Amino acid sequence: MNLTKVSIITVVYNNVEYIKNAIQSVLSQDYLNIEYIVIDGNSNDGTISAIKEFEDQIDYFFSSSDKGIYDALNKGIEISTGEIIGILHSDDLFIDTKVVSEMVSKLQSEDAEFIFSDLIIVNPETKKIIRYYMANYFKPWMLRIGWVPPHPTVFMKKTIYDEFGDYSLDYEIASDFDYFLKIFYGRKIHWTYLNRITVVMGSKGVSNSGISNKILMAKEIRHSLKKNKVWSLSIFQLLRYFIRIFELLIKPKIKY
């Protein structure tokens with residue numbers, strides 16, 4: 001049986017504390033045709049040595065200076081050879097060994113080109129669940145209020161990247177929003193949703209850290225909406241914070 005090749009991309013910069021966990025969660029997947037790509041931004045804290053412990057199990061690894069997360073992702077996508085691409089950041093984990101196989105199975109059974117699922121945001125020190133990022137109610141119109149499917153759970157056909165190009169380097173933390181806006185308002189995307197939690201996300205990620213980043217996120221979302229000529233009002237962004245409150249209150253009944 002010929003399994004569709006899936007490329008998983010991890011980008012990292014100075015994250016020696018957690019990079020091994022991310023790598024191990026990819027290597028432990030039960031899907032048997034994964035191309036694993038790790039892109040390092042020229043770390044100087046021991047991250048490179050940590051990655052090299054797994055070098056014989058990683059298909060592509062290189063380290064060089066870059067212009068940030070999205071530049072590194074673009075490099076990984078460019079060298080990938082899989083028909084499907086998933087992204088796992090260095091602070092994150094697949095919640096169990098069946099994530100890739102179940103995502104691919106659902107994507108193919110629905111003849112879709114874009115799939116996402118739920119994630120939990122966890123304090124990596126206390127292991128306490130901070131937020132349950134549910135995605136079952138996503139509709140493309142919600143992009144107008146700045147709400148997107150959780151990027152770390154998304155698997156996409158590489159043909160989408162071929163069609164729509166790279167992540168923009170105009171944004172520090174909202175280029176994934178910009179990309180989803182571009183594709184969903186560019187044409188009708190055949191998407192589907194897997195109803196389960198697939199990713200454990202560390203709470204120290206860039207987009208989750210501090211009020212200044214939340215202000216920057218709102219600013220970049222407004223810029224992207226305007227650039228892509230998608231009508232919205234700044235006040236609409238407040239609606240996604242009502243969703244955020246709901247996600248903070250609800251806690252899933254799971255062990256991880």
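The values are calculated or read from the model by the stated rules, or taken from the named source; none is laboratory data. Everything numeric in this text was worked out from a predicted model, so none of it was measured. Counting neighbours? That spans all protein chains shown, and the Cβs are built from the backbone with ideal geometry, glycine included. All accessible areas refer to the heavy atoms of the entire protein, side chains included, with ligands and DNA or RNA removed. Shrake-Rupley method; radii C 1.70, N 1.55, O 1.52, S 1.80 Å.
Quick notes on this one:
- For the range 36-85, the set of residues classified as in a loop (DSSP other than H, G, I, E, B) and of a type in the set (K, R) consists of K67 only.
- All positions within the range 136-172 that are of a type in the set (D, E, K, R) and either surrounded by 21 or more Cβ atoms within 10 Å (Cβ to Cβ) or modelled with pLDDT of 95 or more (or both): K157, K158, D162, E163, D166
- Taken over the range 37-57, residues that are touching a residue at least 24 places away in the same chain (Cβ under 8 Å), loosely packed, with under 15 Cβ neighbours inside 10 Å and under 19 Å from S25 (Cβ atoms) amount to 2.
- Meets criteria (touching a residue at least 60 places away in the same chain (Cβ under 8 Å) and surrounded by fewer than 23 Cβ atoms within 10 Å (Cβ to Cβ)) for Y60: no
- Filtered residues of the range 71-91 (kept if in contact with a Phe, Trp or Tyr (Cβ under 7 Å, 6 or more places away or on another chain) and over 20 Å from T159 (Cβ atoms)): L88, S90, D91
- Meets criteria (surrounded by 24 or more Cβ atoms within 10 Å (Cβ to Cβ), closer than 22 Å to I77 by Cβ and hydrophobic (A, V, I, L, M, F, W, C)) for I34: no
- Among residues of the range 91-116 that are touching a residue at least 12 places away in the same chain (Cβ under 8 Å), those with a Cβ under 8 angstrom from a residue that is of a type in the set (D, E) and open to solvent by 10 Å² or more (accessible area, probe 1.4 Å), sequence gap 6+ or separate chain, pair up as T97/D30; K98/D30; V100/D30; S101/D30; L107/E113.
- Taken over the range 13-24, the criterion of being open to solvent by 10 Å² or more (accessible area, probe 1.4 Å) and either modelled with pLDDT of 95 or more or not acidic (D, E) (or both) is satisfied by Y13, N14, N15, V16, Y18, K20, N21, Q24.
- Within the set L169, L143, the sole residue that is of a type outside the set (S, T, Y) and assigned to a loop (DSSP other than H, G, I, E, B) turns out to be L169.
- Reported count of residues in the range 102-135, each being part of a strand (DSSP E or B), open to solvent by less than 60 Å² (accessible area, probe 1.4 Å) and hydrophobic (A, V, I, L, M, F, W, C), is 8.
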